[in-house]
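What follows is one structure encoded as structure tokens, with my remarks underneath.
The values are calculated or read from the model by the stated rules, or taken from the named source; none is laboratory data. It should be emphasised that the depicted structure is a prediction, and the values quoted were computed from it without experimental measurement. All Cβ positions, even for glycine, are placed from backbone atoms using ideal geometry, and neighbour counts span all protein chains on display.
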Amino acid sequence: MNTTKFIDPKETDIRGLFSTQQVHKVPLHQRIYAWKNDQWEELFDDIAQLSEKETHFLGSIVVIPEGPAKLGVNFFQIQDGQQRLATIVVFMSVLRDLAEQNNISGSYQDYLYAKDYNGNSIPRLELSKLDNDALMCILDKRSRISSHPLFDCYDYFQNRIKREFPSNLEHGIKELWSKLLERVYVVHINAFNDFNAFQLFETLNDRGLELSAVDLIKNFLLQNVSDDEVKLKECVSTWGEMFGNIRDIEPIKFFRRYMLSSFKGKVSEKRLNKALRSIVENGKWDKERILNFVKDLNQKSIVYQHILRADFPGAIEINKKIQNLQLVEVSPSYTLLLKLFPFYENDHFSKEDIIEALDMIETFHIRWGVCGQSTSSLDTIYNEICNDLSMISDYNGILQSIKNRLDIEIKANVDDAVFKNNFVKRNFKPSERRTKYVLWQLSKPTGETTININEIQTEHIMPQTLSNGWIKYLKDKTDLSETKIAEKYKENKDKIGNLTIIKGKWNDSMSNELFENKKNCYRESEFSITNELCNSNDWTFDDIEKRSEKLAKLAVEEIWKW
């Protein structure tokens, strides 16, 4: 009979967990500290509000031993539970510091550090490299070197304790310390090895934070190489590099873009893990294939970082194009850009090729957006383009393949006639970055000109609110009744023909001035689309319609010509 244990679970209070000769370490591949105010508040309330006979179950801590004890200290790697354990350590550190500051006696430090046979102090918790410096600043009472969520956690508990016990801080500290050590319980689960831990991991969630698709993907991949120590370590190291690249730029969105760029079929964020599992299992990926997948993820994470930041090295013109695209809100196209930029970086694609592709994407998105087409279909379009590119062996055919696919969509949905009609009739949203960008491009800036969208305002030529002076002016110029003026005004106020852009000092009161007075300011504008208004003698609804037609013609035939 096989008596080998799969796991060894033990229930223990925090005192038991932190008074034995145990040190817990967070592996490189575990996710960064992510708890925030909601989780801190819930934990504090759960502990502070415990009545005399109540206990609080904090959750499970899944660990695997690093090996035999070293100088009397047992080291464990945490596979699940690092969020709650890190928060408890910070909470204890706050109580320790407040006790010391107020001359309150107690053995607080002993619970934060273990000691080996030589008397060396060892922190009872060691986080991954992205978090551990901040934790050590807290444990060692050193000055903070930068901002970090762990410092925010510390500040929350410190401020909350002072607020809850304004007149009797000593009583509050001792009460919280006692409750934390003696009435908060965890189940400490020794899983013995990586494989057991990985199986358990997917069934356990951190308090208040569901495991993300990224966590589950990582766990699944590492589980499949866990019996090959060399490949496991390389996967962990490469994954850590990759996650460091994208940790601050929405990792799940990167993974989704990567999947859409690399594999056939649309996938939602919620189905990422399931989709990858299916690909790996149906494709019978071996350990080498999984390792290569993680390496490719790492390489593409660098590309994705450059796309979002528009900072490809030595590529000023390309970065400028990407910045412009971001104003048009073309994030679905990042799927395609993840596919294209490795060609450019490996010299299979010239600078001119990339710029031509970026221009096609801009034209497609401007037309798609102005015509009000569904954005939900864009992921499918770009996924299909990437899938087509995967089957092309000649790099010279890449641009034509992209153009052919976009051509089908444009002719079917946003051809010249449809685009022009929508450009004339659409109500543009003045505050949108895309509206400002469209107006800026209609001003036909030179190639050297760059745009800072935050310095530009969208100006209504016929103002957003009609004053009595404007109503009288329109009555005189159009012979329309006040009721009809109101109807026409509502219809034309946000048409492209009634919008322009201004920059620099602009007196808001000038926006409501009559057209003749506004012209004095328009004349000084650096934008041709604005100072050209000085050539108009009047500004009525007919003028708005004529200008809309003129700008639409420019948009269709020159700027976003297809």
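Restricting attention to region 519-541 and to residues that are touching a Lys or Arg at 6+ places or on another chain (Cβ under 9 Å) and not polar (S, T, N, Q), the residue that is modelled with the lowest pLDDT turns out to be E526. Would you check which residues across region 44-58 are under 18 Å from F91 (Cα atoms) and out of contact with any helix residue (DSSP H, G or I) (no Cβ under 6 Å at 6 or more places or on another chain) and list them? Correct list: D45, D46, A48, Q49, T55, F57.
Selection of region 311-353 for residues being in contact with a Lys or Arg (Cβ under 8 Å, 6 or more places away or on another chain) and outside any helix (DSSP H, G or I) yields A315, E329.
Go through the residues of region 76-86 one by one and say whether even a single one is in contact with a Pro (Cβ under 7 Å, 6 or more places away or on another chain), assigned to a strand (DSSP E or B) and within 26 Å of Y117 (Cβ to Cβ). Yes, there is a match, as at least one residue in region 76-86 is in contact with a Pro (Cβ under 7 Å, 6 or more places away or on another chain), assigned to a strand (DSSP E or B) and within 26 Å of Y117 (Cβ to Cβ). When K264, K233 are checked against the criterion of being under 19 Å from N387 (Cβ atoms), over 23 Å from the mean Cα position of the chain (by Cα) and surrounded by fewer than 17 Cβ atoms within 10 Å (Cβ to Cβ), a single residue qualifies: K264. K129 meets the conditions (1) surrounded by fewer than 18 Cβ atoms within 10 Å (Cβ to Cβ); (2) touching a strand residue (DSSP E or B) at 6+ places or on another chain (Cβ under 8 Å); (3) of a type in the set (K, R) in every case but one. The failed one is (2). Filtering region 492-505 to residues that are at negative phi and either touching a helix residue (DSSP H, G or I) at 6+ places or on another chain (Cβ under 8 Å) or outside the structural domain of S528 (by TED's automatic domain parsing) (or both) leaves N492, K495, I496, G497, N498, L499, T500, I501, I502, K503. Applying the criterion of being within 30 Å of S226 (Cα to Cα) and of a type in the set (V, I, T) to the residues of region 153-207, the residue that is modelled with the highest pLDDT is V186.
Cβ separations smaller than 6 Å between residues 6+ apart or across chains give the following pairs from region 356-375 residues that are aromatic (F, W, Y) to residues that are at pLDDT 95 or above and outside any helix (DSSP H, G or I): W368/V414. Checking region 282-301 against the condition returns a match, with at least one residue being farther than 27 Å from K129 by Cα, over 16 Å from the mean Cα position of the chain (by Cα) and surrounded by 15 or more Cβ atoms within 10 Å (Cβ to Cβ). Within region 90-118, count every residue that is free of Cβ contacts under 8 Å to residues at least 60 places away in the same chain and over 20 Å from L17 (Cα atoms). Matching residues across region 90-118 total 5. Restricting to region 361-406, and then to whatever is surrounded by 14 or more Cβ atoms within 10 Å (Cβ to Cβ) and acidic (D, E), can you tell me which residue is farthest from the chain's Cα centre (by Cα)? Once the filter is applied, the top-ranked residue is D388. Of all the listed residues (N517, N512), the sole one being free of Cβ contacts under 8 Å to residues at least 24 places away in the same chain and either aromatic (F, W, Y) or over 23 Å from V556 (Cα atoms) (or both) is N517.
For I7, the test of being touching a residue at least 12 places away in the same chain (Cβ under 8 Å), within 21 Å of Y113 (Cα to Cα) and not aromatic (F, W, Y) is failed. Entry remark, region 534-555: residues being buried (at least 20 other Cβ atoms within 10 Å of the Cβ), under 44 Å from the mean Cα position of the chain (by Cα) and either more than 14 Å from F423 (Cβ to Cβ) or in contact (Cβ under 8 Å) with a residue 60 or more places away in the chain (or both) number 7 in total. Within region 42-58, residues that are at negative phi have Cβ atoms under 8 Å from residues that are among the polar types (S, T, N, Q) in these pairs: L43/T87, counting only partners at least 6 apart in sequence or on another chain.
Within the option set I279, I307, I318, I322, being in the same structural domain as S226 (by TED's automatic domain parsing) and free of Cβ contacts under 8 Å to residues at least 24 places away in the same chain holds for one residue only, I279. Here region 27-37 is the region considered, the condition is being touching a Phe, Trp or Tyr at 6+ places or on another chain (Cβ under 9 Å), surrounded by 14 or more Cβ atoms within 10 Å (Cβ to Cβ) and not charged (D, E, K, R), and the residue that is modelled with the lowest pLDDT is H29.
Taking the criterion of being part of a helix (DSSP H, G or I) and modelled with pLDDT under 95, would at least one residue in region 140-148 satisfy it? Give the derivation first.
Just the residues of region 140-148 that are part of a helix (DSSP H, G or I), to begin with: none.
No: region 140-148 contains no residue that is part of a helix (DSSP H, G or I) and modelled with pLDDT under 95.
May I ask you to verify whether T450 is assigned to a loop (DSSP other than H, G, I, E, B), in the same structural domain as E549 (by TED's automatic domain parsing) and of a type outside the set (D, E, K, R)? In short, yes. Any residue in region 509-518 that is under 11 Å from M462 (Cα atoms), at pLDDT 95 or above and assigned to a helix (DSSP H, G or I)? Within region 509-518, none of the residues are under 11 Å from M462 (Cα atoms), at pLDDT 95 or above and assigned to a helix (DSSP H, G or I).
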